[in-house]
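K.L.:
This is the structure I have questions about; it appears just below.
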Amino acid sequence: MCNCNQLESIILGTDESHPFKALDELEWDPERWATLNQCSDCKQLWHIDIAKNNQVGLCVKVNSKEEWLKLDMTQTRVQLMVNNHGGLSFDSCRWKSCDKNCVKGLAFCPIHAYFEMDIKI
Ligand SMILES: [Zn+2]
Ligand SMILES: [Zn+2]
C-alpha cells in the first residue's frame with residue numbers, strides 16, 4: 001500500500017530521492033526539469049522535480065495533467081517556505097515601502113524573504 005493520502009500536498013523530493021514505492025512516469029518536461037508521475041497504487045498524480053544541484057527538489061500533488069502543465073513552481077516553492085515557518089505573522093514586512101505580512105519568525109514577507117533574503121526553505 002502507498003502512503004500518498006498521508007503525505008502533504010507539497011513535500012521535499014526529487015526523481016532521485018522521493019518517498020514513493022511504485023510510480024509510473026507519464027510525462028517528462030526537460031524545460032521545467034520536472035516529471036509527471038502516477039502512483040501505481042492509488043493513481044494519485046505527482047509532479048516530481050528532476051534533481052538539480054542549486055535547488056530544493058519538490059514533489060507536488062496534482063489532480064490532472066492540465067493542472068500539472070500550469071503548475072507554477074516558483075509560487076509553490078514560496079508557499080512551502082511559508083508553510084515550513086508556520087505561516088504568516090501580523091507584523092509588517094521591513095522591506096522599504098512593503099506592508100505585507102511577514103513570514104512567522106522572519107522580518108520579511110514571503111516574496112522579500114524568498115527572493116531578496118534568499119530564504120528558500
Ligand atoms: Zn498512492
Ligand atoms: Zn515585503
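The values are calculated or read from the model by the stated rules, or taken from the named source; none is laboratory data. This structure is a prediction, so every number in the text was calculated from the model and none was measured. For neighbour counting, all protein chains shown are included, and Cβ atoms are generated from backbone atoms with ideal geometry for every residue, glycine included.
K.L.:
Determine which member of the set His112, His85 is more than 16 Å from ligand 1 (Cβ to nearest atom), in contact with a helix residue (DSSP H, G or I) (Cβ under 9 Å, 6 or more places away or on another chain), under 27 Å from Ile48 (Cα atoms) and free of Cβ contacts under 8 Å to residues at least 24 places away in the same chain.
P.N.:
Values: His112 fails: in contact with a helix residue (DSSP H, G or I) (Cβ under 9 Å, 6 or more places away or on another chain).
Checking each option against the conditions leaves just His85.
K.L.:
From the list Glu16, Glu31, Glu67, which residue is of a type in the set (D, E, K, R), more than 14 Å from ligand 1 (Cβ to nearest atom) and not in a loop (DSSP other than H, G, I, E, B)?
P.N.:
Values: Glu16 fails: not in a loop (DSSP other than H, G, I, E, B); Glu31 fails: not in a loop (DSSP other than H, G, I, E, B).
Answer to the check: Glu67.
Okay, residues lined up against (1) loosely packed, with under 13 Cβ neighbours inside 10 Å; (2) more than 15 Å from the chain's Cα centre (by Cα); (3) modelled with pLDDT under 95:
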site	(1), (2), (3)
Gln44	no, yes, no
Val62	no, no, no
Phe90	yes, yes, no
Cys93	no, yes, no
Tyr114	no, no, no
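K.L.:
Keeping to the stretch 64-82, report how many residues are exposed (fewer than 13 other Cβ atoms within 10 Å of the Cβ) and closer than 28 Å to His112 by Cβ.
P.N.:
4
K.L.:
While we're looking at this one, here's another question. Here is a list of conditions, (1) outside any strand (DSSP E or B); (2) under 16 Å from the mean Cα position of the chain (by Cα); (3) surrounded by 14 or more Cβ atoms within 10 Å (Cβ to Cβ), and Lys52 meets all of them except one; can you say which number that is?
P.N.:
Of (1) outside any strand (DSSP E or B); (2) under 16 Å from the mean Cα position of the chain (by Cα); (3) surrounded by 14 or more Cβ atoms within 10 Å (Cβ to Cβ), only one is false for Lys52: (3).
K.L.:
If you scan the stretch 46-57, which residues turn out to be at pLDDT 95 or above and in contact with a helix residue (DSSP H, G or I) (Cβ under 9 Å, 6 or more places away or on another chain)? Break it down into steps so the answer makes sense when it comes.
P.N.:
Step one: filter the stretch 46-57 for residues at pLDDT 95 or above, giving 46-50.
Listed by number, the residues that qualify are Trp46, His47, Asp49.
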